[in-house]
Amino acid sequence: MEKLKNFINGNWVTSSEPKTSSVINPATQEVLAQVPFGPSTASDLDQAVQCAHAAYLEWRNVPVMQRVQPLYKLKALLEEHHEELSRIITLECGKTIIESRAELQRAIENVETACATPTLIQSEFSENIARGVDEFMIRQALGVCVCIAPFNFPGMIPFWFLPYAIACGNSFIIKPSEKVPLTLMKVFELIQEIGLPDGLVNLVHGGKETVDAMLEHPKVKAVSFVGSTNVARYIYSKGAANGKRVQAQGGAKNPVVVLPDADLEVTSNIIADSVYGCAGQRCLAASNIIVVGDHGGKVKESIYEAAKKKITGFGLDESIEMGPVISKESKSRVEMLIEMGKSEGANLLLDGRGFQVDGYSKGNFIAPTILDGVSSTGNLVKTEIFGPVMSLLAMKDLDEAISFINTNSYGNMACLFTSSGASARKFRNQADAGNIGINIGVAAPMAQFPFSGWNDSFFGDLHGQGRHGIEFFTQTKVVIERWPREWTRKF
Ligand code: NAD
């Protein structure tokens, strides 16, 4: 099977690395491609950085209105190839085709938002800060910026960064996850058509060696990372130690609180969608469901019914609501965590292990699973499962729920279901998380807003998307000017 090529300086080039890693369809175990994976990918990266740096030196002086023109073309091409790209996402990542289409829509919205860079990049001017003296601030590009992407949103996450970076005058290099590189291969075929200068946007495959080369290369100025918390922490500290600007989004363990005044049916369906969407492999997946004052057990029953009816299977089948998890290792890990929950005293209310899908006996399927009575002081409530497993916890009131939430080391998302404005206001004010949902199950910020993880879910200051993207991908320069009349030639 052919080894995937890198895209460097406007050309598809063979990696110098002989070793590869297999790209595997998680529903069938079919090997879809081989991706370069080993130490020599570091030299591929150096080649890309040199070309990207040369491209940046020209591009930074192209007027911003011209810099966004290729993005309009990219938007049109992403729309034209929406279905083809969505199918690739499903084949390599496992999620349902409906989820893949929605993911790509979020990517397109980031391209659209970045088209507003001519306005967003405008800056500040103060006349007469002292008599005859003016002061202003301009935003200039940084240079070569890189992105290290995770497996779970191959078609969306690179777009939290790429369109903003290039619209601001930078060049860009992406390293996709070795598990799902095919979506970006197709995206780069489209990027070839939008009229960007050679070397401005590059794709380099690999794993840790490529990442370390990015973090060590003196010409790399900024690093955007999305992935697990341990790697995010490593990237933030190593990147910062090497003088780079870093934004590193990490893992999560998202709590959802259900108050007794919430609409039962709507709430249960939304929570099931959040927990089981993308087979639980979303950094905004609800995980710890805290039910307040459920004396008759009605909420638990309603959530159980909503979970039980989810249809698990092959993602290209339009009727399917949940696909497989990404790998055999991931499946075993999720099953191990279900056992851990049981050993900490939880009752396995719904067991999705051993689930078989007709015609897909080799798939990494786990059907919806619910652990009830999960210990609020055990290890499971602190561990990101990244699979279709709900933990149910019972608490007496909103204060207890907020205190519990605020002991968690993560802070990606916290949600509340209620019909009380006062409870909602208290929750959004006091819950320690960067993305809050009120009667929302997946509080994913739209492209105009920053993707605001907190605590161990984010390392850095400026997040991805919107204005934060513009600020991250530019450095400010302040100019103070005096032009005395007597120094000026009189006309
Ligand atoms: P991961 O951390 O295993 O890998 C992410 C990227 O880092 C990949 O490109 C991988 O090749 C690279 N990498 C892996 N190990 C490395 C190492 N030791 N040194 C350097 N680079 C390394 O993450 P994943 O499994 O691909 O993605 C799932 C994780 O991402 C989950 O924890 C999820 O919560 C998180 N995530 C977070 C967000 C967010 O916005 N906070 C969004 C999506 C996913």
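Quick note: the coordinates plus some simple rules give every number you see, no bench work behind them. Remember, it's a predicted structure, so these values are computed and weren't measured experimentally. No Cβ is skipped: glycine too gets one built from the backbone with ideal geometry, and neighbour counts run over all protein chains shown.
Observations on the model:
- Sorted fewest first by neighbouring Cβ atoms within 10 angstrom, Ile366, Ile157 come out as Ile366, Ile157.
- Taking the fewest neighbouring Cβ atoms within 10 Å as the starting point, the ordered list for Val381, Val275, Val144 is Val381, Val144, Val275.
- Calculated [θ] (222 nm, deg cm²/dmol) that DSSP helices of n ≥ 4 give over the chain, each run adding -39,500 (n - 2.57): -10500 deg cm²/dmol
- Cα gyration tensor shape for the chain, rounded if a/c is under 1.5, else prolate or oblate: oblate
- Gain on full extension, evaluated as 0.36 nm per residue between Ile98 and Ser123 minus their Cα-Cα distance, stands at 5.0 nm.
- Every pair of different Cα atoms in segment 254-345 enters the Kirkwood calculation, which places the hydrodynamic radius at 14.5 Å.
- In this rough spin-label picture, where each label sits 7 Å from Cα along the Cβ direction, the Gln448-Leu348 distance is 4.7 nm.
- Relative contact order (%) - criterion: Cα under 8 Å, at least six apart; region: segment 254-438: 28 percent
- With only the Cα atoms considered, segment 254-438 has a convex hull volume of 109 Å³ per residue.
- Residue exposure sequence - Ser327, Ser423, Ser361 - by fewest surrounding Cβ within 10 Å: Ser361, Ser327, Ser423
- Helices that extend 20 Å or more along their long axis by alpha-carbon positions and average at least -1.0 on the Kyte-Doolittle scale are, among the DSSP H runs of the chain, 41-59, 97-114, 328-343.
- Other residues with beta-carbon under 10 Å from the beta-carbon of Ala447 carry, at +1 per Lys or Arg and -1 per Asp or Glu, a net charge of -1.
- Once exposed loop trypsin sites (Lys or Arg not before Pro) are cut out (DSSP; at most 11 other Cβ, 10 Å), longest piece of the chain: 132-308
- Straight-line cross-link partners of Lys310 among the lysines, defined as a Cα under 30 Å from its Cα and at least 8 positions apart when in the same chain: Lys95, Lys179, Lys253, Lys298, Lys300, Lys328, Lys331, Lys342, Lys362, Lys382, Lys396.
- Considering only alpha-carbon pairs that sit under 8 angstrom and 6 or more positions apart, the relative contact order computed for segment 210-348 is 16 percent.
- C-alpha center-to-center spacing [segment 431-463, segment 206-279] in angstrom: 10 Å
- With semi-axes defined as the square roots of five times the eigenvalues of the C-alpha gyration tensor, the equivalent ellipsoid of segment 145-229 measures 18, 16, 12 Å, largest first.
- Cα gyration tensor shape for segment 301-368, rounded if a/c is under 1.5, else prolate or oblate: oblate
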